[in-house]
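Structure first, then comments.
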Amino acid sequence: AGAPGTGKTEFVKYLGAQQKTKIVIKTGGDLLNMWVGGTEQNIRHAFEEAEAENAILFLDEIDGLLQGRERAHQGWEVTQVNELLHRMESHNGILIGATNFTTNLDMAVIRRFTFKLEFRYLDEAGKRLFFENKFQTKLTPREMVRLAEIPDLAPGDFRTVRQGMHYLGKNVTNVERLAALERESQAKGLNRYTTKKIGF
């Protein structure tokens, strides 16, 4: 679990590479079905596929599938969670789930995961490592201080900034990169505090 861009999916890919094991990746879009019973069938097939190929089953954005049953409004919302719980209990292999929203998950599901890992934002050493590796540059002492002061940076932010700078098609300075990272950080703050509920 962790904020977007903190490396959840990359960690699963790394784990698969280290174990020389195929990864079967499924999202809500792969499993959710408009027909009653269709989602349960897709869930069953996903587990069967992973076991047949001796692969790691990775359910990305698992909160889309496993909303707490206490908030369910339809019977099928409960049955699809029940089907997934049943498959988790009998699965003969490695299952990994990733979410940005742990609080939305059904508590029975959380209990069934042996390990719970929290992916946090980078610390000062991590920010420096990603900056110098992604941009192939060295930071001056003053630039290190400025980078350290930027809050809530994730590995994905460095990738986003690198891609954006690439499309500009010019030589980019560290000052420009730091400014772009500051904008990424500020955008998270805006998204965090401007969410509004609409209803009657």
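For region 2-22, how many residues are open to solvent by 30 Å² or more (accessible area, probe 1.4 Å), without any contact (Cβ under 8 Å) to a residue 60 or more places away in the chain and of a type in the set (G, A, S)? Summing the residues that are open to solvent by 30 Å² or more (accessible area, probe 1.4 Å), without any contact (Cβ under 8 Å) to a residue 60 or more places away in the chain and of a type in the set (G, A, S) in region 2-22 gives 1. The single condition from (1) part of a helix (DSSP H, G or I); (2) open to solvent by 80 Å² or more (accessible area, probe 1.4 Å); (3) within 29 Å of L31 (Cα to Cα) that R128 fails is (3). Can you find a residue that is of a type in the set (A, V, I, L, M, F, W, C), closer than 25 Å to G7 by Cα, open to solvent by 40 Å² or more (accessible area, probe 1.4 Å) and modelled with pLDDT under 90 anywhere in region 29-44? Looking for residues that are of a type in the set (A, V, I, L, M, F, W, C), closer than 25 Å to G7 by Cα, open to solvent by 40 Å² or more (accessible area, probe 1.4 Å) and modelled with pLDDT under 90, one finds at least one in region 29-44, hence yes. Given (1) over 30 Å from T39 (Cβ atoms); (2) in a loop (DSSP other than H, G, I, E, B); (3) within 18 Å of the chain's Cα centre (by Cα); (4) not aliphatic (A, V, I, L, M), where does T137 come up short, assuming only one miss? So the condition that T137 fails would be (3). One residue is enough: does region 74-87 have a residue meeting the conditions over 30 Å from F130 (Cα atoms), open to solvent by 30 Å² or more (accessible area, probe 1.4 Å), at pLDDT below 90 and part of a loop (DSSP other than H, G, I, E, B)? There is at least one residue in region 74-87 that is over 30 Å from F130 (Cα atoms), open to solvent by 30 Å² or more (accessible area, probe 1.4 Å), at pLDDT below 90 and part of a loop (DSSP other than H, G, I, E, B). Of all the numbered requirements in (1) open to solvent by less than 50 Å² (accessible area, probe 1.4 Å); (2) within 19 Å of F47 (Cβ to Cβ), L122 misses one, and that requirement is (2).
The values are calculated or read from the model by the stated rules, or taken from the named source; none is laboratory data. Quick caveat, the model's predicted, so the values are computed rather than measured. Methodologically, a virtual Cβ is constructed for each residue, glycine included, from the backbone with ideal geometry; neighbour enumeration extends over all protein chains shown. Ligands, DNA and RNA are excluded from the accessible area calculation, which covers all protein heavy atoms including side chains. Shrake-Rupley method; radii C 1.70, N 1.55, O 1.52, S 1.80 Å.
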